[in-house]
Amino acid sequence: MYSQKTTEEKTTLKDWYKKDLEQDKVLGISLNKFHSLKKGKTPKTKKVIVAVLDTQIELSHEDLKPAIWINKKEIPNNRIDDDKNGYIDDVNGWDFLGTQKGGYMVYENYEYVRIIREQGSKFQNIKRKDVQSSDLENYDEYQRALKSYEEKNKFYKNWRKSLVFDISVYKKVKDTW
C-alpha cells in the first residue's frame, strides 16, 4: 500500500532548500527565514562581500552580481599581477585550484589526489615500521588518501571513458548540423 503525500508535504519538499532547521524542521539554507527577518529593516551597512568557497559561481546572477567583490587594484584579463599580490587577474578573488598565472584547470583534483602527489615520493612502497615517528601522521594520511584513491579510481576510470565517448559522439553530431 502506498501513502499519498499531502499538499503541505509536497510544498515542503518542493522548496526544501529554502527551509530552516529550527523554524521548519527541514535542513535548508534558511532563505525564507532570512527574507522574513530583513523585511522592513535597513541594513547597517550597504556593502556586502560575498565569499565563495566553491566552484563555478555565476558572477552575472542578478542576486549575486551587486554583491560580488571586485579587486579595484586589478585590471581584468590583462594577464598581469597589477596589485602585486602574486595572483594574476584576481578581479573577483582567486581560484586556488587554478594556475599561478591565472590559467584555468580543466580537471581539479580531490584532496586525496593532492596528498598522494605531495607525499608519494616520500612514502610510496614504504612500510609503517620503516617510517620515523615524526612522519607517522603524514604517512597515515598518505595511506588514507591512497585507500580512497584505490576505491574511487575504478568509478572514475569508467566515468572518464564515458566522457571521452560522449565528447567523440558530440563532435560527430555537431558536424552533421
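The values are calculated or read from the model by the stated rules, or taken from the named source; none is laboratory data. Predicted model, so just to flag it, every value in this text is computed and none were measured. In case anyone asks, the SASA skips ligands and DNA or RNA and just uses the protein heavy atoms, side chains included. Shrake-Rupley method; radii C 1.70, N 1.55, O 1.52, S 1.80 Å.
Yes/no matrix, rows are residues, columns are (1) open to solvent by 80 Å² or more (accessible area, probe 1.4 Å); (2) modelled with pLDDT under 80; (3) at positive phi:
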| position | (1), (2), (3) |
| --- | --- |
| LEU97 | no, yes, no |
| GLY103 | no, yes, no |
| VAL106 | yes, yes, no |
| ASN109 | no, yes, no |
| GLN119 | no, no, no |
| ASN138 | no, no, no |
| GLU141 | no, no, no |
| LYS152 | yes, no, no |
- Message: For segment 12-56, give me each residue that is β-branched (Val, Ile, Thr) and at pLDDT below 75.
- Response: THR12, THR42, THR45, VAL48, ILE49, VAL50, VAL52, THR55
- Filter result for the condition that a residue is among the hydrophobic types (A, V, I, L, M, F, W, C) and at pLDDT 85 or above, over ILE167, ILE80, ILE88, ILE68: ILE80
